[in-house]
Amino acid sequence: MSNNVLVLIFVLQLNIMKNFLLSSIGKKVAMALSAIFLMIFLLQHFLINITSVFSEDIFNMLSHFMGTNFLVQFILQPILIAGVIFHFVMGFVLEIQNRRATKYEYQKTRGGANSTWMSRNMIWSGLVILSFLILHFIDFWIPEMEYKYIDFMPDDPNRYHHELVEKFQDPLKVFFYCFSFILLSLHLLHGFSSSLKSMGTNKAYTSSVKTLGYIYSIGLPAGFCFIAIFHYLTH
Amino acid sequence: MKLTLKIWRQKNSESKGQMVSYEIDNISPDMSFLEMLDVLNARLILEDDDPISFDHDCREGICGSCSLFINGQAHGPDRRITTCQLHMRKFKDGDTIYVEPFRAKAFPVIKDLVIDRSAFDRIQHSGGYISVNTSGNTQDANSIPINKEDADNAFDAATCIGCGACVATCKNSSAMLFVGAKISQYSLLPQGKTEASRRVLNMVNQMDLEGFGNCSNTGACEVECPKGISLDNIARMNRELLKASLKK
Ligand code: SF4
Ligand code: FES
């Protein structure tokens, strides 16, 4: 009996959360949550990649751990992929809904008078990042999956560093890589503080969120570009 | 001043509408924008032409009816004012000025520059009030101690005049600044707390039903709002909705 009551409460709760998530604010919060999740992932990704600049061994060790750990491979990786897909699909859905809500175009607009270019063009910076991600998948992720789970190649804990360096020997690739990170920076310059605002952050934190946002949004993409250019120039 | 006006003309809600050009001369820089339109209308009437319909009432920035998207900005180029408070001295002799109605799917044009903002009324009706019991035993509001910061924030939120500039200027036609202000105004005060959950759920639901877009925090609304309603009200509404959804 008490089990039935618990199930009923759970179903009711799910139903309420469904209503919340389907509301305009719920969608906004869901978008923000996926953004925060992706930003945490990106920071972690950066912290590992930056080690490749100063220590081949540490980079190999960390990459080997990430590439072979069960929790990372079979739990965190699928969650990450789901998060990426959710963020993009939701971004498109919201864009379509918003275009429907505006419907009529003004003959003359001055968007720059009241908002930043970044905030008005999240869909475009997002699309560049999406195309980068597709290439990144083809370039890094698919060969990695093939190596491990299709070809069942022997486990080589020292292969990661030279594989990474090799990828950055093509100047065109380095250029597109850096270009995408500039767009990512623009995306984050709005997205970082926007996601925290969507979560309802109190105004007492506005200025610290802003400062932290600048540091993250400029520092992180610049760091990724530095890694690419460093390996291109030094090898 | 001599000006070229490009004004949106639309016979009724069904017709297509287009921009029509008017040359106008002898405009005093001290006239308000609406007075300038009055001068043009007086001429159109003399010429047996259809005068331009536009909304206005108080002409002192408190009723929120005057709207207009002027040269690409809600209420024109100045800040913290409504169109009736905009003066012609903000423009230069020889300027071309674009005058369009506030646009959003939820704000259909009725005629020329007049739009239907009843969507805001319906949102208000769904919860933007407190059900006061006037039995005679009601406590005097002044005797209820209220934190100064909360009182100030509630009062700031209450200055929203429902003009719709936030929606008109938003690239997503989102009404969240308006709804956020209306929710904050009550939820910060003890009198409004009792119905806070029901209010936020119903008002957000009505806002979505009216077909307004989703907020993406561009902040344009806050800049264009004649009363300086802050984005914090949207953040507060988000918190209130989350709280209410979990409580329900
Ligand atoms: S929030 Fe500001 S812009 Fe929006 S309706 Fe209220 S007063 Fe007008
Ligand atoms: S006419 Fe009342 S605010 Fe402009």
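Read the figures in this text as sums done on the coordinates, not as results from a lab. For clarity, every value in this text was computed on a predicted model and none was experimentally measured. Using ideal geometry, Cβ is built from the backbone for each residue, glycine included, and neighbour counts are taken over all protein chains shown.
The table for this structure:
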item: Lysine pair number, Cα distance threshold 27 Å (strictly under), segment B:117-247, separation 8 or more or different chains; result: 13
item: Over segment A:51-130, equivalent-ellipsoid semi-axes from the Cα gyration tensor in Å; result: 41, 18, 7
item: Mean residue ellipticity (222 nm) of chain A, computed from DSSP H runs ≥ 4 via -39,500 (n - 2.57), nearest 500; result: -26000 deg cm²/dmol
item: Where only C-alpha atoms are counted, convex hull volume of the protein assembly as shown per residue in Å³; result: 221 Å³
item: Listed residues A:T109, A:T201, A:T68, most fluctuating in chain A (Gaussian network, C-alpha, under 10 Å); result: A:T109
item: Radius 12 Å from Cβ of B:I144, net charge of other residues (Lys, Arg +1; Asp, Glu -1); result: -1
item: Electrostatic dipole magnitude of the protein assembly as shown [Cβ: Lys, Arg +1; Asp, Glu -1; Cα centre; debye, to 20]; result: 860 debye
item: Cβ neighbours within 10 Å from other chains - mean over B:172-179; result: 4
item: Residues A:M90 and B:L209, FRET efficiency given R0 of 25 Å [Cβ-Cβ distance, rounded to 0.05]; result: 0.75
item: Segment A:16-91 - convex hull of alpha carbons, volume per residue in Å³; result: 89 Å³
item: Convex hull of Cα atoms in chain A, direction-averaged projection (nm²); result: 18.3 nm²
item: Cα-Cα separations in segment B:3-111 greater than 17 Å, expressed as whole percent; result: 53 percent
item: Positive-pole candidate from B:I110, B:Q139, A:A82, dipole of the protein assembly as shown, charges at beta carbon; result: B:Q139
item: Nearest-20 debye value, segment A:1-145 charge dipole, Cβ charges on Lys, Arg, Asp, Glu; result: 1060 debye
item: Size of electric dipole in segment B:166-240: Cβ of Lys, Arg +1 and of Asp, Glu -1, about Cα centre, debye, nearest 20; result: 180 debye
item: For chain B, built as a Gaussian network whose Cα springs stay under 10 Å, the top-fluctuating residue of B:V20, B:V99, B:V114; result: B:V20
item: Principal-axis tilt of helix A:122-136 within chain A, Cα atoms, nearest 10 degrees; result: 30 degrees
item: Spatial extent of segment B:117-247: Rg and Dmax, with the Cα atoms as the point set, Å; result: 14.7, 48
item: Chain B: Cα Rg divided by the 2.2 N^0.38 Å rule of thumb; result: 1.13
